[in-house]
1. Give the aspartates and glutamates reachable from Lys418 as a straight Cα distance under 12 Å; neighbours fewer than 8 places away on the same chain don't count.
2. Students often check this: by mean Cβ neighbours within 10 Å, which of 373-386, 457-470, 313-326 ranks highest, and how do the rest follow?
3. Using +1 on the beta carbon of Lys and Arg, -1 on that of Asp and Glu, and nothing else charged, what's the dipole of the chain about the Cα centre, debye to 20?
4. State the percentage of accessible surface on the chain attributable to carbon and sulfur atoms; use a 1.4 Å probe and exclude ligands, DNA and RNA.
5. Could you give the length gained on full extension between Ile230 and Ala610, defined as 0.36 nm per residue of separation minus the Cα-Cα distance, in nm?
6. Under the definition of Cα pairs under 8 Å and six or more residues apart, what whole-number percent is the relative contact order of the stretch 54-158?
7. Hull surface divided by four, with the convex hull built on the Cα atoms of the stretch 71-195: how many nm²?
8. Using alpha-carbon pairs under 8 Å, 6+ residues apart, how would you state the relative contact order of the chain in percent?
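The values are calculated or read from the model by the stated rules, or taken from the named source; none is laboratory data. These numbers were taken from a predicted model, which means no experiment stands behind them. Note that each Cβ is placed from the backbone with ideal geometry, even for glycine, and that neighbours are counted across all protein chains shown. Surface areas here come from the heavy atoms of the whole protein model, side chains and all, with no ligands, DNA or RNA. Shrake-Rupley method; radii C 1.70, N 1.55, O 1.52, S 1.80 Å.
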Amino acid sequence: MQVDSICPSLQNRRKALVLGEQANAQMIAEQLESNGIEPVLYTYFKGERQVLPSIADPNSLAEIRLILSQFAESTQMGNRVTGIVHPGSTVWAERPELCSIAESLGLLVISPSSRILSLFSNRLNFLMEAERCGIPHLIQSFDPMHTVREVEEFTSRTHQRYPFVLKAVKGGGSFGVCVVQEPQTIEERLPFWLEQLRRNQGEAIFYAERYLEGARHIAVPFARFQDGKIQIFPTTDASLQCRYRKLIEISPAAQISPEMTHKLESWVKRLADHCGYVGVGVLEFLVDSSRAFLVEGLGRLNTGFHLWEQVARTQAVSWQLATLEINSDRQPEMLRDPKEWEHGISVRIYAEDSLFQLPQPGEVFETTQEKVWKFPGVQAEIALNYNQGANISIFDSGLIGILFVVARNRQQLFNLAKGLVSQFWIAGSTQTNQLFLSELLSHPWVREEIFHVGFIDEEFLPMVRPPVTISSLCVSILLSLPLFSEKIPMGNDFGKDLLWMVGDQYVRGGIPLGKSALDSVSHWLGDPCYWSSLGVSGVVRTDEGANLRVCAYPLPLPLLNRWLVRVGSWFVMVRQVLGESASGKKSVLSALVTGRVHAVLFRQGGSIPAHEPILMMESLGVFIPHALPFAAQVKSWKVKAEDRVCVGQVLAEIEVYKTS
């Protein structure tokens, strides 16, 4: 349900403003609807896609108050405000300020109290309370740190062993974690991490935690009522992470012993009772054999809540309403016996180049229309944050959507998840991590669930570049565009002198795709869809007889003769090489991503040491340093701080120092 305004006409039933990105907000809205509450999605405020203010913005609280006050006015009946706010699984759901503002406006918030949120949002205070309950953690010091110098003093004072972990006191995810592998990391990487932390969280306050090698990341969701009754939901194994960002989650967590599961559940009950928690929340642990340590607590629905609720066949929102006694006449269904729980897996699709770990914002030209699949004994659905025609902004999270698969058989999960990840289609000027996920789901260790938190970063090796047949097919697709076919006469020598850069490889010549097997071995199946003379989309029959969906999307100006080509699960950047030699040295610095220039680190005319960052870009909340593999001098800058640029755009002209 998409609501175009947060000022709908008054009706008898209560209305709830749902915050957050489309995927989770839509699922929450549907559950509110089933509980007799009319949802209003902030995502579509005033007829266009909206993004919540960043907590790092100095004016964010004023903006949140404006949003909530408008909604409060729309739900006022006489002198009484009847509106409800559901903060979703957003960062704002962790902030007590949102509850305080909403309550001051007369709005009811589906959330634990401000007191509980204050405790959970500060990890140091939260884990200190856990220590009082006898629950182990990994914190090395409860003294917060703010600067690089404090970290250096800490390592010297404690004779710190490497590696160790630095974590933000507030704010989670990959932005809030920095693994210090060696002393050199403190000098080279830590300043950028702190700057990124300030950019995303508004402040850089962090603490040191012991690094636990080979552990599994286990999440335990729960609901606690006002009378102290606690319900534990299926555990989730979230160990398949990349740079501390969850990619694949499996529920229930099957690779921990029943004794350990019982221990984690007892700790959840002990801490929830100690804090007087009321609502639905999640505690997260690192489990290493017979040892377990509390690392995180969320006073909200976790982003992947739909996984555990599907496994248990229940509704998380119904439990939220019941614990807060909002719908006293409606109670959530009793949870099934754990023996009747199904098996589930969730897979997160991001806008990124996973090989080089680069964010990829851009336009979404095409998406798969089918979003629900049902087969004997198994079902799946995909929740998307972006529809066809949307734009993934450089300020978004980059999460395109989450695929959920539920089955009776554990092995069916991986088979269907892999097939659907490969089949899911999204094309435009953005890339996705689908190929990376597909390879990961095919890995024998993953299928046998023999992995740990560092498995992807330390041991998983994805494919580096596409096969030659895919590279050649990319060129053939582009040669079929009217831009080329109208300029170059047909014949055996078609395009033989053209030089292309396909990814990081040079390809010369190429044969255009015909409309049938009589025209060329690889050919279009049916008529392709052209837009202007620069792009094309369709299905291709390859030399080997496989049918592949393809799309060639022109990158925006000021780039010319550059396309992002998708062939099956492969995304390849292709450009026509004009007037340059394949062996010639580059004399420019180009943008690795589409984003915003955060800082220019060298003056014009300055000498640049090899591998020294000379410019910092920001995209999807990530800082990307730009450096050169050789010593050089900046001849002229083409950009300045705060400029927005697209991938491949020239940032600076440089002069390479000659080596003797």
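1. Excluding near neighbours in sequence, the set is Glu439.
2. Ranked by mean Cβ neighbours within 10 Å, highest first: 313-326, 373-386, 457-470.
3. 320
4. Its accessible area is 50 percent carbon and sulfur atoms.
5. Separation in residues times 0.36 nm, less the Cα-Cα distance, equals 131.0 nm.
6. Relative contact order here is 19 percent.
7. In nm², the orientation-averaged hull projection of the stretch 71-195 is 9.9.
8. Over the chain, the number comes to 9 percent.
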